[in-house]
Each structure stands twice: as structure tokens, then as C-alpha cells.
Amino acid sequence: MNRRAIITGTGHYVPPKVITNFDLEKIMNTTDEWIQQRSGIIERHYAENGVGSSDLAYEASLRAIEAAGIDKSEIDFIVAATLSPDHYFPGIGVMVQAKLGIEGIGALDVRNQCSGFIYALSVADQYIRTGTFKKILLCAAEVQSHSLDYSDEGRDIAVLFGDGGAAVILEPHDADDGRGVLSTHLFCDGRHVQDLWMENPSSRRSPTFSVDLFERGGFLPRMDGKNVFKNASERMPEAVMIALQHNGLTVADIDLLIPHQANDRISQMVARRLQIPIEKTARNIDRFGNTTAASIPIALDEAVRDGRLKRDDCVVLTAFGSGFTWASAVIRW
Ligand code: UT7
């Protein structure tokens with residue numbers, strides 16, 4: 001018998017405040033036309049001051065737990081993915097655990113940015129396959145709006161990102177019906193650290209944070225957008241092909257491709273390179289922007305709830321982001 005991890009519940013939560021491109025026009029030097037043409041984004045959600053990633057992860061987790069039809073006390077491990085933790089340390093996994101009131105179980109944080117969900121899925125998958133844990137809560141959440149640079153220097157990034165959270169419950173599936181997480185594939189090229197990063201606060205600096213750093217915006221994210229774009233649109237199709245080949249599948253077997261929602265032009269290019277019909281590609285960046293680790297599970301939850309994803313469907317996930325890291329996964333739903 002081949003034990004696999006199966007996703008038994010999904011959920012997502014975005015903060016209620018919607019920020020349109022026109023709202024951004026009022027606070028920075030940009031236009032709705034530029035943002036839509038270059039990224040496909042129309043609006044995104046922003047968290048209020050005082051709300052952190054752990055709060056979004058918690059709300060999403062409640063929805064996933066309900067969808068899975070389990071009691072939160074049955075969860076025996078938490079994996080949390082974020083690049084925007086509430087605090088420099090500890091991570092958000094322990095905070096989600098405390099909010100849920102399920103003290104004692106382990107909680108692990110994964111810091112793999114836009115690839116965070118798939119990296120976290122690979123971790124949870126191994127624990128389930130080996131029988132270590134039986135009900136894992138995997139949550140991913142980002143609050144990015146509190147640390148964006150709305151000046152001209154940072155506007156390329158600022159218009160892209162949004163806040164949001166999502167979660168899934170993973171359980172063992174022992175039936176020989178081919179369902180579950182078939183495989184995960186992880187990659188990185190650390191030579192590109194500086195192509196998309198938030199350099200500070202940094203443990204290299206003493207003191208870690210200073211007034212001077214604050215004054216020159218040294219704590220804001222920076223990106224070489226063109227290089228990220230080029231690599232994302234090449235690495236994601238490559239990762240999908242590796243995952244398909246690993247499972248003896250072809251592009252024609254895919255029922256739903258969920259690429260990380262980085263830029264709709266990237267998603268379209270990924271679909272074109274794979275020669276998969278665009279209708280089989282999940283695209284919701286117009287409403288959420290890039291929610292980093294949360295983007296794939298938000299799209300997954302939407303596909304589940306609107307009935308697009310059906311039992312036995314072949315779902316392929318792929319992501320690319322800061323690091324550079326990239327990844328893919330195949331799930332028989
Ligand atoms: O999850 C991974 C995370 N990141 C990504 O996936 C992002 C990948 N990169 C991209 O999506 C694109 O590179 C961007 C959307 C960020 C930028 O699109 P682009 O077509 O590469 O534009 P660009 O950087 O070449 O900039 C073109 C112009 C520049 O002005 P000049 O030099 O031509 O006068 C920019 O200063 O657009 C300007 N610009 C803006 N204008 C209005 C840059 N950001 C903005 C803005 N509004 N927000």
C-alpha cells in the first residue's frame with residue numbers, strides 16, 4: 001500500500017480593505033493603465049495597521065479546518081510559510097498554534113518566499129508519507145503592504161503585492177486509487193539573492209536597525225524586475241515538465257495548472273511555453289495582486305469552492321520567487 005498525503009480541506013482569508021489601482025494613483029506616481037498593462041492587476045487587499053500575517057493565517061486555517069470537517073484538537077503539526085512574519089523572530093507557526101489554542105504540537109516555519117507553499121507542502125508530504133503526523137495544518141500568509149516603498153524607487157514592486165492568507169489540511173490516504181500529492185520538486189539558485197530581496201533588518205549589521213537605515217529606506221524590498229520576469233517565465237515551465245515526467249504524465253493530463261500569481265503576463269507566458277490552454281490555468285491576480293506564499297493556496301481554495309476542481313483531477317502547482325527559488329508539485333485531487 002502506497003501512503004500519500006491528501007488535501008482534505010482548504011481555506012483562504014484576505015483582509016477586507018480593497019485597494020484599487022486608482023487608490024494607488026492617489027498615493028504614488030503610477031497609473032491604473034500601467035499596472036493593468038504590465039501585470040494584469042486591478043485591485044489587491046491590504047491589512048489594517050495592527051494586523052499581521054499570523055492573523056490572516058489563523059483566519060484561513062479556521063476555514064480549512066471547517067472544510068476538512070475535523071476538530072482543531074486533531075491537528076498534530078503545523079507548517080507555516082511566509083516572507084513577512086509578524087516579528088523578526090519567532091515565526092508565525094507558533095503564533096497560529098497559540099491563536100488556535102492547540103498548545104504542545106510542533107510548528108515549523110518555512111521561508112521560501114513565493115515558492116513557500118510548495119516547499120512547505122513538500123515538508124508536510126514527507127511527514128505524512130512516513131507516518132510521522134496524521135493531520136497537518138499548512139498555512140501560508142503575507143502582510144506585505146506595511147513594508148512597501150511607495151516612492152518612485154519602489155513603485156515597480158509596490159503595485160504588484162497584496163496581503164492574504166490561505167491554508168490546507170493534509171491527511172494520510174492509504175487507498176490505491178492514485179489520489180493525493182504525487183510528488184514535489186524543489187529548486188534554487190542562490191546567486192540571485194540580491195535580485196529580489198529585503199536586505200534589512202540584517203544580522204550582518206550592528207546594530208541591526210538604525211535611524212540612518214530608516215531614513216534611506218534601507219528596509220524596503222528591491223527587485224530587478226526584468227531578470228525576475230525572465231527567470232520566472234522560464235523556470236516555472238521547466239519545473240512543470242520535470243514534475244510531469246517524474247509521474248509519467250504529459251501536459252495533456254493536466255486539468256488545472258496553478259502557477260504562482262506573480263504577474264499575469266508571466267502566467268500567460270508559462271501557459272504558452274507549456275502549450276496548455278489558458279482556460280486550464282488559474283488566474284486571480286487581477287483581484288489579489290501577488291500574495292507571495294499565499295498565492296497558490298488562495299487560487300487552490302477558489303478552484304475547490306467554485307467547483308472547478310473535481311475528484312481525480314490532475315492539479316499541477318508551480319512557483320518562482322526570491323532566492324531565486326522555484327518549485328512544482330503534482331496532485332491527483
Ligand atoms: O513573485 C516574483 C515577484 N516578482 C515578479 O514576478 C515581478 C517580475 N517582473 C515584473 O513583473 C515586471 O518586470 C514589472 C511589472 C515589475 C515591470 O514591468 P516592465 O515591463 O519590466 O517595466 P520596467 O521595469 O522596464 O519599467 C518600464 C517603465 C520605467 O520607466 P522608464 O525608465 O521607461 O521611463 C519604470 O520607471 O515603467 C516605469 N515604472 C512605472 N510606471 C508607472 C516602473 N514601475 C511603475 C509603476 N507605475 N508602478
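The values are calculated or read from the model by the stated rules, or taken from the named source; none is laboratory data. Predicted model, so just to flag it, every value in this text is computed and none were measured. Here the Cβ positions follow ideal geometry from the backbone for every residue, glycine too, while neighbour counts run over all protein chains shown. Protein only, heavy atoms only, side chains kept; ligands, DNA and RNA dropped before computing areas. Shrake-Rupley method; radii C 1.70, N 1.55, O 1.52, S 1.80 Å.
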Please report, largest first and rounded to whole Å, the three semi-axes of the ellipsoid equivalent to the chain, where each semi-axis is the square root of five times an eigenvalue of the C-alpha gyration tensor. 30, 24, 18
I'd like to know how region 1-154 sits against the 2.2 N^0.38 Å rule of thumb: what's its Cα Rg over that expected value? 1.19
How long are the semi-axes of the ellipsoid equivalent to region 126-192, from square roots of 5 times the Cα gyration tensor eigenvalues, in whole Å, largest first? 37, 16, 10
Carbon + sulfur, % of accessible area of region 93-136 - ligands and nucleic acids excluded, 1.4 Å: 53
With all protein chains present, region 196-333 has a carbon and sulfur share of its accessible area (1.4 Å probe) in percent of 50
What's the magnitude of the charge dipole for region 4-173 around its Cα centre, counting Lys and Arg as +1 and Asp and Glu as -1 at the beta-carbon? Answer in Debye, nearest 20. 600
Can you tell me the accessible area per residue over the chain, all protein chains present, probe 1.4 angstrom, in square angstrom? 42
Enter the accessible area of K17 (Å², nearest 10), with the probe set to 1.4 Å and all protein chains included. 80
Report relative contact order for region 1-48 in percent, whole number only (criteria: Cα-Cα under 8 Å, sequence separation at least 6). 43
If you look at just the Cα atoms of region 50-94, how large are its Rg and its Dmax in Å? 11.5, 34
Top of K134, K310, K26 by mean-square fluctuation, Gaussian network on the chain, Cα under 10 Å: K26
Within region 167-242, list the chymotrypsin sites (Phe, Trp or Tyr not before Pro) lying in a DSSP loop whose Cβ has at most 14 other Cβ atoms in a 10 Å radius. F209
Packing-based ranking, highest mean first, of 97-110, 260-273 given that Cβ atoms within 10 Å are counted: 260-273, 97-110
Expected 222 nm ellipticity per residue - DSSP helices of 4 or more, -39500 (n - 2.57), all of the chain, to 500: -10000 deg cm²/dmol
If every Lys and Arg gets +1 and every Asp and Glu gets -1 at its Cβ, then about the Cα centre region 1-58 yields a dipole, in debye to the nearest 20, of 460
For the chain, with a Gaussian network of springs between Cα atoms less than 10 Å apart, report the residue from R308, R111, R216 with the top mean-square fluctuation. R216
Most mobile listed residue (L160, L148, L317) in the chain, GNM with C-alpha springs under 10 Å: L148
Sorted by mean Cβ packing within 10 Å, highest first, what order do the peptides 274-283, 55-64 take? 55-64, 274-283
Summing Lys, Arg as +1 and Asp, Glu as -1, what charge do residues with Cβ under 11 Å from the Cβ of K230 carry, K230 excluded? -1
Descending Cα extents along the principal axes, region 186-310, whole Å: 54, 31, 23
Determine the sum of side-chain charges near D149: Lys and Arg each +1, Asp and Glu each -1, restricted to other residues whose C-beta is under 10 angstrom from that of D149. -1
